[in-house]
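This report concerns only the one structure given below.
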Amino acid sequence: MSKLNNFFAWSKSTNDGSISLGEDHVDGVKCAVYIANKQDVRHRLFMDIDGARQGRTTLESPGGITIKCGQDKDAPDATFVMQVENGKMIIAVETGDIEIRGDNITIDADGGEGDGLMVLKANDKIELQAPKVNIKGDERCEITSEANVRLASQGQIDFAASHGTCESASSTHGERSDNQIASKVTEGG
Amino acid sequence: MEETLLKKYSIGRDGFIWWIGQVASADQWTGNFPVGTMPSVGELPGMKRRVKIRILGYHTASKADLPDEDLPWAFIMLPTTAGTGLGGMSESANFSGGEIVFGFFLDGDDGQSPIIMGVLEKSSQQTFLKKVPDVGFVPFSGYTNGATESRHNIKVDGGGGKSDPNATSVTESKGSGGQVKVQPTIRDESAVLEQGGGNPGSDTFTDGLKAAHENAEATGVVHSTSPCPTDNPQAGIQVEQKRLQKITKTAKKYENTFLNPLTQKIGDVQKEIDRAAKNTAGYMKKIMNKMRVRTLQQVAEKSAKIAAILPLDELSEFRDGVKKALDQIGCVFGKIMGGLKGMLGPLLEDFLGKSANTNSCGVDAMVGTVIGSTIGALDSGIQGALSGVNGTLAGIQNTVKSGFDAAENVMGAASNAIGAVSDTVGKVGNLLGGLDGGLDGLMGGISISFDVGGIEGLVSSLKSFLSCEEENKCPDIQQSSFSKGNLPAIKSSGFGGIAGAIMGAAQGQMPSPVGEIMGVGKAFKQSVDDVKGAALGVVDTVTGTIDGVTNSIDTVTSTFKSLTAPVSSCNMGPIPCGTPTLSVFGSGIETTPQLNAIVSAAGEIIGADIIDAGQINDGGLAYIDVGDDCGSGMGAHMSTVLGPVSQNADGTWSYDPNGTTIGLIDTVVESSGQGYLPSDNGDVGGDGIITANNNDIMVIAQDGEIFTYASGANIEVPVGSTVYFPTGTENAVPEGVDPSGFVIGRGLTEGSGFYYPDGGFVTAPDVSKQEISDRIEPASNTYPVVMDLGGLSVKQTGIAYNPGDTVTLSGSDSAGNTIEVTGDLKLTPAGHIYHVDIGTATGFVNIPDVTINSLTGAGANLKPYLKVRYSGDEEVNQAFEDGLVDSQVISVVDCVGKFS
């Protein structure tokens, strides 16, 4: 914590907003630049010099943030770039949803040396919806459930393997629907 | 006349007549600024940048004799850096009215054309006077334009007020444990005007800035997700709980000082409760999903065993039944999960005023208690879901019973199907142990059915799998905070606590809080049984089952609204505010280093006593989190120095230049922070907030709700409350008060307060914080240390330093004796500092100042760090014999058990 900051700080202020250079935070951390909405103490942007936030820029904006850019750019241009050199990028919505929309979306976990893990978790349901869905595991592909697994098709369904195994405590197969000719089709095995 | 003849009437040739005056209130000159856009320049009402001015010695102070509107207009001189508006370059003048300004007359001593050259800065002693005085030259605030005063510039100064003896007491309690009544306060504090921008000193931070900081601290903790399939939902719940507690306390702390708490939405408590309930429900959903998985596994396993022995032509019907049952069970859990938020909202709201110290014990208790309360509904739902399958099995049983041969065939098929080596029915029965009911049914005419064991069986099963989960816990969840960046992970508490909370039969084997929970669980069981009965009564279809569960949850929610009993043993009340704690975290840490913080008398952290250097993998990272339970101190930041260590006989690790293991060998105080307590001062709190100052009186009502009152408050204590007075308070035991609980001092830190079985009246003693601090005896777990200069850490190398340049460190002991040491800089050919050779010096009680003695170099940043030279009575006493003096000794609170 710098001890001589306050006297040498500079600020320009009105009743509505201020910009300060070299101001101290409440916790004693020295701030290079502090831009404040003075009618809402939470609405501010600051760049810290020392302490635990050394080199960090913090933006707090109770009313939300709009970033609009790229009006003059074309589709292949890198128009909005967030580059994290090291560490994690955490996007956390405390109450609310996350929506991502674009013409095409690619998520690539391209880490080496044991990385390269992509996990989708949900507390209720994960849905994949598209005219065509391909799931391909180069080495292995598993679909499991503690309860029911249903593979269904209104058209044709194919199972193909160089070697196939089907295990069950017991099994039934071949059951016609109501609009088909009624006959006993259930067999044990 | 003579004078007139001498005047040259040329600017600058008639002398420089300067003056001091006061800018009139803004309403006298803002008319110069048009309200809206004017059609043309010619229609502008004035010249914009002019103000009315009352000049000392030229104008009377009497506004009756010379009203403001009759004062002369003054132009405002701006600096050359401000621009004039020409070429698009400009800067606004910054007047609000009331300023004391300095200027001169363009027309010499005619005094009709004043120019304002500069302004005298407002005194920090000036109070907030919004009303424009009737007399000129008297200070006022300048807030005369009707705008809302910014909290950046207004602070409240004063003692907070005293009870009004003539006022009628008002009720403060919201809980069911009684009503605390307190007389309204006459405030003796007042609004004070602060500087417009940079804060001139931390002692004058406005409430607005403090509230913004505390609000950001409370809401700024984010924990990242984990790829692990079974991450730590309790950690998430703990984050939610802490946030709720802290934001609620912050809101209360500033409720009287925010100008507009509604629009600024700091402290929208109801919204925070909703948010916490929703998010906690999400985390609990993860826990309940584990239960769902386990239940589905059980049903699937049993169905497989039953299917293995069923007649083949019955399989299709059985399969359909099981499928429906699995779907229904999934749905039952879904319904209960959907009701969690509704259950949690009232619980959290009830809990708010009763907890001051969120911890994992309390979280486990809450989670376990809520889940435990749904067991009945779960069981009834599951039984309902399985009833259809059991009906099918009953029909099959009748078929089987119609002929022994058929049964024999069934058993033979079953044996084959599961690969049993024996064809005897008994051995098949053993092999299919999990299906004992089903086989017995086939053999003895008892109905074939699923049975997951009813409530007790379900609970037992949950305990079993939750205990297993504990063994398979995933990595701790990382957190980051708004103010500190990285934070230590919340350690997984496993699922043992939750299992204990659920499992009534486990009383005595679980931590003490569980015993309390068990009591609640037992009391609750009857209502659950009633719910279960109601639910089963309507179970005959899928819809009926789900409706039954929904009704059950509604009943549970309406009857179970208090967590007070379950968490009463979790010590979630206020705790003494003590010295800061240092927690080491990071990556590759095999054995966590243990440190005690060393705090100066001025409340700054000056170093750490490394009790255990720990064991850190090569390439690992170690950070230090400076924790403060009550948020008294803030801003300290420390970094670590890793190096070779070896293990001691007692299992700890310490620095060893020949060691082959990496550990923490030094700490560097990057920022010493402020406000940390060198020892207990009698304040109590938790979750980063002081619940009660050491001179406050604290009342904990029968239902656990906590109230605090400043000195002088007259309080009517409700029946069954416990009252905690400031340490050392001489207080007669009121009539009816249990004298066995009487102690002189703050009961909380002594283990008990004053119990008021029949209620009563108390007055908070009029005593200062310092007086109470002086009464606090040093804690028994303190030990003396003496600090050495450990070295200088080069944070920035700088440039252009020359051989021969030196660095001087200057500090002092507590008696003010200067301690100074000089070292040599080690430089690269380009003049960068890469190391400092410096001797040591003993007895620093603060971090020394650094002066680099160089005529050419610039830009280096060197951080001195202190190390413990002598530690403990034995070493320090020995050092006294070698010339050590008292003023070099610092008292350290042992937070990690160095001498335990």
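The table below gives the values:
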{"quantity": "For B:Ser891, solvent-accessible area (1.4 Å; no DNA, RNA or ligand), Å²", "calculated": "70 Å²"}
{"quantity": "Apportionment of accessible area to carbon and sulfur, segment B:298-378, percent (1.4 Å)", "calculated": "52 percent"}
{"quantity": "Overall dimensions of segment A:1-146 as given by Cα atoms, namely Rg and Dmax in Å", "calculated": "22.6, 67"}
{"quantity": "Of all accessible heavy-atom area on segment B:610-667, the percent that carbon and sulfur account for (1.4 Å)", "calculated": "46 percent"}
{"quantity": "Segment B:622-685: equivalent-ellipsoid semi-axes (sqrt of 5 x gyration tensor eigenvalues, Cα, Å)", "calculated": "31, 15, 8"}
{"quantity": "Whole-angstrom gap from segment B:287-346 to segment B:752-783, using each part's C-alpha centre", "calculated": "57 Å"}
{"quantity": "Cα-based Lys proximity count in segment B:745-900, under 25 Å, for pairs eight or more positions apart or on separate chains", "calculated": "6"}
{"quantity": "Surrounding net charge for B:Val889, when Lys and Arg each add one and Asp and Glu each subtract one, Cβ distance under 12 Å", "calculated": "-3"}
{"quantity": "Sequence-separation-based contact order of segment B:815-900, relative, with Cα cut under 8 Å and 6+ spacing, percent", "calculated": "24 percent"}
{"quantity": "Solvent-accessible surface (1.4 angstrom probe) belonging to B:Asp109, in square angstrom, nearest 10", "calculated": "70 Å²"}
{"quantity": "Inter-chain shielding of B:613-620 (mean C-beta neighbours from other protein chains, 10 Å cut-off)", "calculated": "0"}
{"quantity": "Peptides ranked, highest mean first, by Cβ atoms within 10 Å: ranges B:359-366, B:850-857", "calculated": "B:359-366, B:850-857"}
{"quantity": "Surface per residue (accessible, 1.4 Å probe) for segment B:792-900, Å²", "calculated": "52 Å²"}
{"quantity": "Cα centroid of segment B:30-84 to Cα centroid of segment A:5-81, whole Å", "calculated": "34 Å"}
{"quantity": "B:Leu312 versus A:Ile67: modelled label distance in nm, points set 7 Å from Cα along the beta carbon direction", "calculated": "6.6 nm"}
{"quantity": "Per-residue mean of C-beta atoms belonging to partner chains within 10 Å, peptide A:148-157", "calculated": "1"}
{"quantity": "Partner chain coverage, peptide A:28-39 - average Cβ within 10 angstrom", "calculated": "4"}
{"quantity": "Accessible area per residue, Å², segment B:4-157 with all protein chains present, probe 1.4 Å", "calculated": "58 Å²"}
{"quantity": "Cα-Cα over 25 Å, subset of B:Lys210/B:Lys242; B:Lys286/B:Lys323; A:Lys136/B:Lys286; B:Lys242/B:Lys341; B:Lys246/B:Lys341; B:Lys253/B:Lys484", "calculated": "A:Lys136/B:Lys286"}
{"quantity": "Sequence of B:Arg294, A:Arg44, B:Arg50 when ordered by accessible area, the most exposed leading, probe 1.4 angstrom", "calculated": "B:Arg294, B:Arg50, A:Arg44"}
{"quantity": "Pairwise burial B:A, computed as accessible area of each alone minus the pair, summed, 1.4 Å, Å²", "calculated": "5100 Å²"}
{"quantity": "Heavy-atom accessible surface of segment B:789-852: percent carbon and sulfur, 1.4 Å", "calculated": "46 percent"}
{"quantity": "For A:Arg56, solvent-accessible area (1.4 Å; no DNA, RNA or ligand), Å²", "calculated": "120 Å²"}
{"quantity": "Complex-versus-alone comparison for segment A:85-132, residues with a loss of 10 Å² or more in accessible area, probe 1.4 Å", "calculated": "A:Lys88, A:Ile90, A:Ala92, A:Glu94, A:Thr95, A:Leu117, A:Val119, A:Lys121, A:Asn123, A:Asp124"}
{"quantity": "Residue-wise HN-Hα coupling along segment B:314-322, computed from phi with Karplus coefficients 6.51, -1.76, 1.60 (Hz; x: Gly, Pro)", "calculated": "9, 4, 4, 5, 4, 4, 4, x, 5"}
{"quantity": "Local electrostatic count, B:Thr640, Cβ distance below 11 Å [Lys/Arg +1, Asp/Glu -1]", "calculated": "-2"}
{"quantity": "Over 24 Å (Cα to Cα) - which of B:Lys278/B:Lys324; A:Lys121/B:Lys249; B:Lys252/B:Lys354 fall in this group", "calculated": "B:Lys278/B:Lys324; A:Lys121/B:Lys249"}
{"quantity": "Mean separation of Cα contacts under 8 Å (6+ apart) over length of segment B:609-702, as relative contact order %", "calculated": "31 percent"}
{"quantity": "Cut-off 14 Å between beta-carbons: net charge of the residues surrounding B:His835, Lys and Arg +1, Asp and Glu -1", "calculated": "0"}
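The values are calculated or read from the model by the stated rules, or taken from the named source; none is laboratory data. Not measured: the values here are computed from a predicted model. Every residue, glycine among them, receives a Cβ derived from its backbone with ideal geometry; neighbour counts consider all protein chains shown. Just so you know, the surface numbers come from the protein's heavy atoms only, side chains and all, with ligands and any DNA or RNA stripped out. Shrake-Rupley method; radii C 1.70, N 1.55, O 1.52, S 1.80 Å.
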